[in-house]
Amino acid sequence: MATEIGVRELKNNATRIVRAVREERAEYIVTVHGKPAAILRPITPEDEEREYQARVEAFFKEFDALAEEVGRAWKTNRTAAEAVEEQRRG
């Protein structure tokens, strides 16, 4: 069961509270003016996998956007490989 803590207590004891979450797997419901505002809980292996997948997807989305930008700016009929080969010979 999660322990309720006020946001001020979290601010004043952040190191101790985060250590308890990490080492003791403690869970806290953070309140603001007595009303629940957030849950502080340990990261699960599923959370780590989800975060990793999100980073991979963001990387490839950025990579695809860059590829489109390069494609729009490409002004020659040569392929990139042909252009590199030409530079090596030149």
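Rule-based calculations on the coordinates, nothing more; no lab input. Keep in mind the model is a prediction, meaning the values are calculated, not measured. Here Cβ is always computed from backbone atoms with ideal geometry, including for glycine, and neighbour counts include all displayed protein chains.
Please find, among Pro42, Pro36, the residue that is surrounded by 10 or more Cβ atoms within 10 Å (Cβ to Cβ) and touching a residue at least 24 places away in the same chain (Cβ under 8 Å).
Only one candidate passes the filter, namely Pro36.
Name the residue that is surrounded by the most Cβ atoms within 10 Å (Cβ to Cβ), counting only residues in the range 11-23 that are under 13 Å from Arg41 (Cβ atoms) and hydrophobic (A, V, I, L, M, F, W, C).
Ile17
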